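Notes follow the structure.
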Amino acid sequence: MLDSVRVRLTLWYTAVVAVVLILLAVLTYFLYARNISQRTDSNLVEIADAFATTFNAELADEIGPDAPNKAARKAMVEHRFRDVLFVFQDSQGHPLLSSLDLPSAVRSKEHLTPELFASRDFQAVASLPGSAHPFRTIHGQRAVYRAYVRSLSASGRLFILVALQSLHPQRELLGDIRNSFLGIIPIALLLAALGGYFLARKSLAPVASMASKARTIGAANLHDRLAISNQRDELGQLAISFNDLLDRLEDSFERQRRFIADASHELRTPVAILRGEAEVTLSRPERSSAEYRESLTVLRDESQRLAHIIEDLFTLTRADAGQYPITPRDFYLDELASDVLRHARSLALAKEITLSPSIEPELLFHGDEALIRRLLLNLLENAIKYTSHGGKVTLECKKQSAHYVVSITDSGPGISPELQSRIFERFFRADKARSRSETDSGGAGLGLSIARWIAEAHHGQLELARSDTSGTTFTVTLPAPHQ
């Protein structure tokens with residue numbers, strides 16, 4: 001049960017609400033009890049002061065040794081309050097007169113018994129006059145009282161006045177408040193738990209829906225996406241992120257399917273030629289040595305093309321997995337460019353193409369010399385392949401700011417604008433857009449993909465700078481080492 005996020009959220013929410021309600025109830029109860037106690041003490045002080053004023057006024061009209069008792073009796077009759085009892089004592093704490101001694105017609109309705117005067121709490125009251133705390137709580141047989149003690153003087157004698165007020169109404173009120181809290185808090189927690197569970201269930205419903213939808217998405221329906229109800233909340237952002245992941249997976253699956261299909265097609269062609277040529281050769285028992293040589297030449301060329309395709313595929317596979325070994329070292333980029341240009345002259349001479357170098361000297365570079373050579377050679381071979389007879393290919397190598405820039409420009413027919421964004425895709429060939437005199441000698445469409453990977457592996461970039469009817473320019477940008 002606790003494995004459910006909704007249940008855990010509901011429990012946490014209910015626990016927090018419970019703590020808040022209990023703390024609020026306890027704080028409210030004690031503040032209210034303190035306020036009642038202060039009001040009771042203040043009321044007793046006012047009653048005792050009023051009694052003392054009346055006592056002093058009546059004392060002036062009385063004469064004789066019993067004048068204090070008579071004045072106290074008249075004051076008790078005049079100050080009759082519900083739940084209030086006056087006790088008039090001598091200086092030794094012996095009761096001389098109390099509200100219980102009054103006639104029933106003028107006595108307070110509070111049921112007070114004489115046994116209260118014999119209690120230990122009441123007997124300790126006589127020591128309170130003049131102290132810093134003239135209040136005391138006295139526990140009777142049927143009720144609890146709050147006592148306030150003050151002194152009275154009459155005819156040179158000291159008397160003690162004790163004003164007692166029953167705490168039964170206050171305690172009854174506090175009991176009602178306590179019982180109210182004990183009844184309201186469980187109901188409030190139950191409503192909070194139900195409301196919290198409902199809100200948690202409603203809030204997490206999109207998560208359950210997304211989980212259910214995600215379980216149905218596989219390789220066959222990667223085009224499906226999660227529904228997004230609110231793009232601005234956290235669940236909407238989660239759905240957007242998951243859909244972005246599906247977009248990347250779909251794109252990866254699509255590229256993988258296209259790669260496998262293109263690779264199968266590219267490998268099937270040379271294999272079919274090898275098989276067909278071998279079957280034709282073996283179908284005739286007697287052939288001349290020239291015919292055998294011609295067949296073997298076809299088999300060799302196609303096996304070399306097949307090996308080249310497999311090597312390029314192996315290179316890209318290891319590059320994608322991050323397992324292709326890169327061995328950087330210091331070398332001069334200008335010398336490497338000149339050497340690559342010399343190796344490409346044989347291909348250019350076959351088509352009477354002019355190779356025009358423009359190479360700055362002393363271009364020290366730190367990188368994998370074999371990979372950079374392959375990068376430049378792929379670009380040069382590509383430029384020569386798509387340049388017609390008698391054309392021109394220019395290789396420019398220079399330092400520009402903090403980078404080395406290598407540009408290879410041909411005078412071919414260019415690449416159509418709608419195909420320029422796809423030229424770095426694997427197995428993509430713009431044969432239909434560029435005229436070639438030797439369509440059968442074209443590669444597998446992996447050269448530019450490998451060239452771009454080599455540039456990026458050296459923290460550089462390869463891009464198509466321009467392509468129109470006057471020719472095409474590829475530009476390689478590589479970081480120059482710090483001096």
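The values are calculated or read from the model by the stated rules, or taken from the named source; none is laboratory data. Just so we're clear, the structure is a prediction, and the values are computed from it rather than from any experiment. Positions of Cβ are backbone-derived with ideal geometry, glycine not excepted, and every protein chain shown enters the neighbour counts. For the accessible areas, the whole protein counts, side chains as well, though only heavy atoms, and no ligand, DNA or RNA atoms are used. Shrake-Rupley method; radii C 1.70, N 1.55, O 1.52, S 1.80 Å.
Residues to consider are LEU158, LEU189; find the one that is among the aliphatic types (A, V, I, L, M) and at pLDDT below 90.
None of the others qualify; the one that does is LEU158.
So, in the stretch 378-399, exactly how many residues are free of Cβ contacts under 8 Å to residues at least 60 places away in the same chain, surrounded by fewer than 19 Cβ atoms within 10 Å (Cβ to Cβ), closer than 22 Å to GLU360 by Cβ and not acidic (Asp, Glu)?
Residues meeting the conditions: 3.
In the stretch 202-219, what residues are of a type outside the set (A, V, I, L, M, F, W, C) and open to solvent by 40 Å² or more (accessible area, probe 1.4 Å)?
LYS202, SER203, PRO206, SER209, SER212, LYS213, ARG215, THR216
Residues checked against (1) at pLDDT below 85; (2) hydroxyl-bearing (Ser, Thr, Tyr); (3) under 30 Å from the mean Cα position of the chain (by Cα):
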site	(1), (2), (3)
PHE198	no, no, yes
LEU204	yes, no, yes
ALA211	yes, no, yes
LEU238	no, no, yes
ASP244	no, no, yes
ASP262	yes, no, no
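Just give me the residues in the stretch 144-172 being open to solvent by less than 70 Å² (accessible area, probe 1.4 Å) and charged (D, E, K, R), in sequence order.
Residues satisfying the conditions are ARG146, ARG150.
Which of the following residues is more than 30 Å from ASP224 (Cα to Cα) and among the acidic types (Asp, Glu): ASP301, ASP251?
None of the other options fit; the residue is ASP301.
Starting from residues that are surrounded by fewer than 18 Cβ atoms within 10 Å (Cβ to Cβ) and of a type in the set (Val, Ile, Thr), keep the ones in the stretch 347-372 and report whichever is farthest from the chain's Cα centre (by Cα).
Out of the qualifying residues, it is THR354.
If I filter the stretch 38-56 down to residues being in contact (Cβ under 8 Å) with a residue 24 or more places away in the chain and of a type in the set (Ser, Thr, Tyr), which single residue comes out as nearest to GLU172 (Cα to Cα)?
Looking at the filtered set, the residue picked out is THR40.
Which numbered condition trips up ALA227, out of (1) out of contact with any Lys or Arg (no Cβ under 8 Å at 6 or more places or on another chain); (2) of a type in the set (A, V, I, L, M, F, W, C); (3) surrounded by fewer than 16 Cβ atoms within 10 Å (Cβ to Cβ)?
All conditions are met except number (1).
When the stretch 243-277 is examined, which residues are found to be touching a helix residue (DSSP H, G or I) at 6+ places or on another chain (Cβ under 7 Å) and either of a type outside the set (Val, Ile, Thr) or open to solvent by 80 Å² or more (accessible area, probe 1.4 Å) (or both)?
PHE253, ALA263, GLU266, LEU267, PRO270, LEU274, GLU277 - these are the residues of the stretch 243-277 that are touching a helix residue (DSSP H, G or I) at 6+ places or on another chain (Cβ under 7 Å) and either of a type outside the set (Val, Ile, Thr) or open to solvent by 80 Å² or more (accessible area, probe 1.4 Å) (or both).
Which residue pairs have Cβ atoms under 7 Å apart, sit 6 or more places apart or on different chains, and have a first residue in the stretch 237-259 that is farther than 30 Å from ARG429 by Cβ and a second that is among the polar types (S, T, N, Q) and at pLDDT below 85?
Listed by first residue and then by second, the contacts come to ILE240/GLN231.
Listed here are the residues, each with its yes/no results for (1) among the β-branched types (Val, Ile, Thr); (2) surrounded by fewer than 19 Cβ atoms within 10 Å (Cβ to Cβ); (3) within 17 Å of GLY156 (Cβ to Cβ); (4) at pLDDT below 90.
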site: GLN38; (1), (2), (3), (4): no, yes, no, no
site: VAL45; (1), (2), (3), (4): yes, yes, no, no
site: ASP49; (1), (2), (3), (4): no, yes, no, no
site: LEU59; (1), (2), (3), (4): no, no, yes, yes
site: ASN69; (1), (2), (3), (4): no, yes, yes, yes
site: PHE81; (1), (2), (3), (4): no, yes, no, yes
site: SER99; (1), (2), (3), (4): no, no, no, yes
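Of all residues in the stretch 278-295, which are assigned to a helix (DSSP H, G or I), surrounded by 13 or more Cβ atoms within 10 Å (Cβ to Cβ) and out of contact with any Asp or Glu (no Cβ under 6 Å at 6 or more places or on another chain)?
ALA278, VAL280, THR281, GLU291, GLU294
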